[in-house]
Amino acid sequence: MPAPIPCPLTLITGFLGSGKTTLIKEMLAHETFANTMVIVNEFGEIGIDHSLMRASTEEVILLPSGCLCCTLRGDLRDLLRDLVARRLAAEIGFDRVVLETTGLADPAPILHTLLTDPVLAEHYRMDGVVTVVDAVTGAANLRRSTAAQRQVALADLVVLSKTDLPEAQPQARSPRPQIARLNPAAEIVPVVQGRLPPDRLRHLGHFDAAMSESMSGVSARAWIATRVPASDPEHLSRIRTVSWEVEAPLTASRFDLWMDVLMARRGADVLRFKGIVHLQDMAYPFAVHGVQHIFHPPLPLTGWQAPDRHSRFVMIVQDFSDDEVAALCDALAIVPLTEHLLTTGYLGESTA
């Protein structure tokens, strides 16, 4: 039997009242999102009429758009596994999943579930994290809420909602500077009433296997977003982005040892990690991407054409001092050299 094609899953998050529901309604109105399974926390959050035709069971109902919707009442892992089983048994059909979180949810545990469960990793592919930020109240929410900060920090795309309201017009109230400091890699897209071209909500590059064939030096720099905005006194805060590069190619064992130290000491506080790693005696680099302690399998960037052999890293971190960041970065350059061909570790699967 051929391996199943993973179903793309889009995570929609955002603080309370940010406009997630409106965005999802507009998404489902597009033909692009036909045959989508929508997972929400409560039916009422997207205004579903309970008198609509029910499909299969009381837990799954048919939406006016033709999409299916179910509620998340218990464990996410169990629900997603159940949907896999019912899809394979042809009880229900869908080719995309949209998962809406609560306004106070941290996306990291959800990403952790998708990456660590073997069944889910085989049948679902994280297509992107979309975070909705209210243009009126977003700046205040980001100042006072760690949940809101983490939602932005883990985003692939930030949707700036309610931009048409008069209260959103003063530039001084815009949350854009805070978003850029928390996550310089995320694109910020303003919307009115949740209206956004559907293609902007797909293929967000959370970590796409197609990168291995197509990524060049230019596209790698875009993916890793090494340019970090300067901080200001207000945002010498808990969450921020740090980036650095290492000029000389590394060995896999040196990198793995450094990553082991980082994860053991502060893994829970590394909200997101991206790296383009050049190894000695290897013609192309590897892309490494993780959320807290959990890492995607490394990708060999076989399409690499640039002569640049610098390794580049970006971390979105929480509660790191400048001294600790500097010490961790310096440690990568002084770990003793050993053989780089490994069968385990962060790069082992690709270099063995």
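A few comments on the model shown:
- Condition check for ILE12: part of a strand (DSSP E or B) and either at pLDDT 90 or above or in contact with a Cys (Cβ under 9 Å, 6 or more places away or on another chain) (or both): yes
- Those residues of region 1-28 which are out of contact with any strand residue (DSSP E or B) (no Cβ under 9 Å at 6 or more places or on another chain) and closer than 18 Å to LEU196 by Cβ, in sequence order: LYS25
- Within region 83-100, being open to solvent by less than 70 Å² (accessible area, probe 1.4 Å), more than 18 Å from PHE15 (Cα to Cα) and of a type outside the set (Val, Ile, Thr) holds for LEU83, ALA85, ARG86, ALA89, GLY93, PHE94, ARG96.
- Flag for GLN305 being in contact with a Lys or Arg (Cβ under 9 Å, 6 or more places away or on another chain) and not aliphatic (A, V, I, L, M): no
- PRO6 being surrounded by fewer than 16 Cβ atoms within 10 Å (Cβ to Cβ), within 16 Å of ASP127 (Cβ to Cβ) and modelled with pLDDT of 85 or more: yes
- All positions within region 68-91 that are under 24 Å from VAL130 (Cβ atoms), at pLDDT 75 or above and not charged (D, E, K, R): LEU68, CYS69, CYS70, LEU76, LEU79, LEU80, LEU83, VAL84
- Residue under evaluation VAL228, criteria (1) modelled with pLDDT of 85 or more; (2) buried (at least 16 other Cβ atoms within 10 Å of the Cβ), criterion not met: (1)
- Highlighted here are the strands (runs of 3 or more DSSP E) found entirely within region 101-211 that include at least 2 residues which are among the acidic types (Asp, Glu) and either open to solvent by less than 20 Å² (accessible area, probe 1.4 Å) or touching a residue at least 12 places away in the same chain (Cβ under 8 Å) (or both): 124-134.
The values are calculated or read from the model by the stated rules, or taken from the named source; none is laboratory data. Because the structure is a prediction, the values reported are computed rather than measured. For neighbour counting, all protein chains shown are included, and Cβ atoms are generated from backbone atoms with ideal geometry for every residue, glycine included. We work out accessible area using only protein heavy atoms, side chains counted, and drop any ligands, DNA or RNA first. Shrake-Rupley method; radii C 1.70, N 1.55, O 1.52, S 1.80 Å.
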